[in-house]
Amino acid sequence: MLGITESLAETPVYTYVIASGDMRYIENNQRNVYLRQDPDRGLIVRGEIPGCEPDYYADLSQIFLEYGLTCEGCKTPQEADRYMAGFGACLGEGLALRLRASLAGQEPVDRLSAAFEFLLRSMAASFSVERGDDQLRFVLEYCPLGASGRRHGIGRELALARRGFVALCQRMLQALAPQWSLRAPAAHDPEQELREILLTKD
């Protein structure tokens, strides 16, 4: 069972600025990313705006899509990609540091199973798991990024959000089980939907 101390729960994992999403990309708020205990899903990632009610909470899918809007203000697609990859990597490093104590002593495959199920719960994803000694495959019923984009009307940077998620996964693998690799999804792929995560032991 994943868990964290109360002091860690009150400290943001990451903080970023929310852009307006129009052609001016004005900074219009701040999003703090926390680890929270949800009564139905257990430990999850949740974005919160200081002083705002639960209606303004964001799950992990929305966090990536929201940051993608901020990256639209970059001068080139390559710059936007670098910013999103850096965001995902920093978020992945922060999450791995928070989870490490809960996962200590477990076999690598058990650590990864718990960590990636936590990520998918945080994205409000519906998924199944296929597990072997040297492989973990998560099959998603639908793309949580696409579903969140349609629900919140912010789905135009789906490919960029997917890029950030891949960077997060890669950094968590490096921190929790460096002998494992992310085989799917790829960082850049014409297929934008996130429908599978495949981890294999090198």
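Quick one: in region 18-71, which of the residues that are acidic (Asp, Glu), assigned to a loop (DSSP other than H, G, I, E, B) and farther than 24 Å from GLU93 by Cα is modelled with the lowest pLDDT?
First, pick out the residues of region 18-71 that are acidic (Asp, Glu): 22, 27, 38, 40, 48, 53, 55, 59, 66.
From what is left, the residues that are assigned to a loop (DSSP other than H, G, I, E, B) are 22, 40, 53, 59.
In the following step, the residues that additionally are farther than 24 Å from GLU93 by Cα were identified as 22, 40, 53.
Working: ASP22: 49, ASP40: 90, GLU53: 89.
Looking at the filtered set, the residue picked out is ASP22.
Considering only region 134-146, I want to know if a residue exists there that is closer than 24 Å to THR70 by Cβ, surrounded by 14 or more Cβ atoms within 10 Å (Cβ to Cβ), in contact with a Lys or Arg (Cβ under 9 Å, 6 or more places away or on another chain) and in contact (Cβ under 8 Å) with a residue 60 or more places away in the chain.
As a first pass, look at region 134-146 and keep what is closer than 24 Å to THR70 by Cβ: 143-146.
Now drop any that are not surrounded by 14 or more Cβ atoms within 10 Å (Cβ to Cβ), which leaves 143-146.
Now drop any that are not in contact with a Lys or Arg (Cβ under 9 Å, 6 or more places away or on another chain), which leaves 143, 145.
Restricting the remaining residues to those that are in contact (Cβ under 8 Å) with a residue 60 or more places away in the chain gives 145.
Within region 134-146, one or more residues are closer than 24 Å to THR70 by Cβ, surrounded by 14 or more Cβ atoms within 10 Å (Cβ to Cβ), in contact with a Lys or Arg (Cβ under 9 Å, 6 or more places away or on another chain) and in contact (Cβ under 8 Å) with a residue 60 or more places away in the chain.
In region 174-191, how many are farther than 18 Å from PHE127 by Cβ and under 16 Å from the mean Cα position of the chain (by Cα)? Step through it out loud before you land on a result.
So in region 174-191, the residues farther than 18 Å from PHE127 by Cβ come out as 174-181, 186-190.
Add one more test, that the residue is under 16 Å from the mean Cα position of the chain (by Cα), and what stays is 174-176, 186-187.
Residues meeting the conditions: 5.
SER148 is checked against (1) over 14 Å from GLY164 (Cα atoms); (2) more than 16 Å from the chain's Cα centre (by Cα) and fails just one. What number does that condition carry?
The failed condition is (2).
From the list SER181, SER122, SER128, pick out the single residue that is modelled with pLDDT of 95 or more, crowded, with 18+ Cβ neighbours inside 10 Å and of a type in the set (Ser, Thr, Tyr). Spell out how you get there, then give the answer.
Values: SER181 fails: crowded, with 18+ Cβ neighbours inside 10 Å; SER128 fails: crowded, with 18+ Cβ neighbours inside 10 Å.
After applying the criteria, what remains is SER122.
Residues that are under 28 Å from ASP40 (Cβ atoms), free of Cβ contacts under 8 Å to residues at least 12 places away in the same chain and of a type outside the set (Asp, Glu): does region 114-122 have at least one?
Quick first cut of region 114-122, residues under 28 Å from ASP40 (Cβ atoms) only: 114-122.
If we keep only those that are free of Cβ contacts under 8 Å to residues at least 12 places away in the same chain as well, we get none.
Looking through region 114-122, none of the residues is under 28 Å from ASP40 (Cβ atoms), free of Cβ contacts under 8 Å to residues at least 12 places away in the same chain and of a type outside the set (Asp, Glu).
Out of all the residues in region 79-93, which are surrounded by fewer than 21 Cβ atoms within 10 Å (Cβ to Cβ) and either hydroxyl-bearing (Ser, Thr, Tyr) or in contact (Cβ under 8 Å) with a residue 40 or more places away in the chain (or both)? So that I can check it myself, show each step before the final result.
Kept after step one, since they are surrounded by fewer than 21 Cβ atoms within 10 Å (Cβ to Cβ), are these residues of region 79-93: 79-83, 85-86, 89-90, 93.
Matches in region 79-93: ALA80, ASP81, TYR83, ALA85, GLY86, ALA89, CYS90, GLU93.
Which numbered condition in (1) outside any strand (DSSP E or B); (2) in contact with a strand residue (DSSP E or B) (Cβ under 7 Å, 6 or more places away or on another chain); (3) of a type in the set (A, V, I, L, M, F, W, C) is the only one that PHE138 fails?
(1)
Residue-wise test of (1) out of contact with any Ser or Thr (no Cβ under 9 Å at 6 or more places or on another chain); (2) assigned to a helix (DSSP H, G or I); (3) of a type outside the set (Asp, Glu); (4) closer than 15 Å to VAL166 by Cβ.
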| position | (1), (2), (3), (4) |
| --- | --- |
| GLU79 | yes, yes, no, no |
| ALA89 | yes, yes, yes, yes |
| GLY92 | yes, yes, yes, yes |
| ARG100 | yes, yes, yes, no |
| ASP110 | yes, yes, no, no |
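Among the residues of region 73-97, count how many are over 23 Å from SER181 (Cβ atoms) and under 19 Å from the mean Cα position of the chain (by Cα). Walk me through how you get there before you give the answer.
If we filter region 73-97 for residues that are over 23 Å from SER181 (Cβ atoms), which is where we start, we get 73-80, 83.
Then keep just the ones that are under 19 Å from the mean Cα position of the chain (by Cα); that gives 80, 83.
The qualifying residues number 2.
The values are calculated or read from the model by the stated rules, or taken from the named source; none is laboratory data. Treat the numbers as computed from the prediction; the structure is a model and nothing was measured. So basically every Cβ, Gly included, is an ideal-geometry build from the backbone, and we count neighbours across all protein chains shown.
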